[in-house]
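As structure tokens, the structure follows; a few thoughts come after it.
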Amino acid sequence: MKYDVVIIAILVTIVTGYFYITSEYGVSLVPSNPASRTLVNFTFEDGMQGWSPISNVKVLHETDVVHSGKYALQVKGDSPIGVWAVATSKHVQLKNNTPYRFSGWIKVDSISSADASPKIYLKVGMYLDHKWYRNFYSKEYDLGHLGSWEYVSADFRSPEEGSVDFNVNVDKRTSTKDVYLISYIDDLRIETL
Ligand SMILES: [Ca+2]
């Protein structure tokens, strides 16, 4: 390949997600990205994608405040003492003994609590043979920059045996605090590593 052809191939790869192999005989396409690695992608562009609120919270299909595209999910309301999660996704099946990365974007506009230090996380709840097994938490949302979108992630590996599935949650990481919040989530993804 000539130098300029290599540059063009790199640019095309970045823009399209495909790597074009050029030769004097023609051009062929090799997927370089990893759409096939994405197990689930909560973009909310086609609806609520199976998300539901817990307790007194509401989830709404959001059109004004988005991380990307035209829609996000608004999570708003009072999560009382006695529950951990604020909102939850549908359950999705996982392969056994596989490394995964959960990542996503969350924006908290307002948070208050009778407790002095309420916190908000994204969480992957893992289920083994249809019973809760363990949780994987992102770092907490940085309440020092309320109103900003923040990227959070968590890596985990699925168990070697058994039927494994998960859901994704907006979560307080405690059941002993009430929290009232106005928040948004978008582009939440689980992919294999
Ligand atoms: Ca979106």
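None of the figures in this text is laboratory data; all of them are computed from the coordinates on show. These figures come from a predicted structure and were not determined experimentally. Heads up, the Cβs are rebuilt from the backbone with ideal geometry, glycines too, and the neighbour counts pull from every protein chain shown.
Per-residue 3J(HN,Hα) values for region 56-73, derived from phi via the Karplus relation 6.51 cos²θ - 1.76 cosθ + 1.60 with θ = phi - 60°, read 8, 7, 10, 10, 10, 6, 8, 10, 8, 10, 10, 7, 8, x, 10, 9, 9, 10 Hz in sequence order (x marks Gly and Pro). Pairs LYS70/LYS139; LYS107/LYS131; LYS58/LYS123; LYS90/LYS172; LYS58/LYS119: which exceed 28 Å Cα-Cα? Correct reply: LYS107/LYS131. Listed from fewest to most Cβ neighbours within 10 Å, the set SER103, SER153 follows the order SER153, SER103. Extension gain for the segment THR38 to ASP155, taken as residue separation times 0.36 nm less the Cα-Cα distance, is 40.7 nm to one decimal. Placing unit charges on the Cβ atoms only, positive for Lys and Arg and negative for Asp and Glu, gives region 36-192 a dipole magnitude near 260 debye about its Cα centre.
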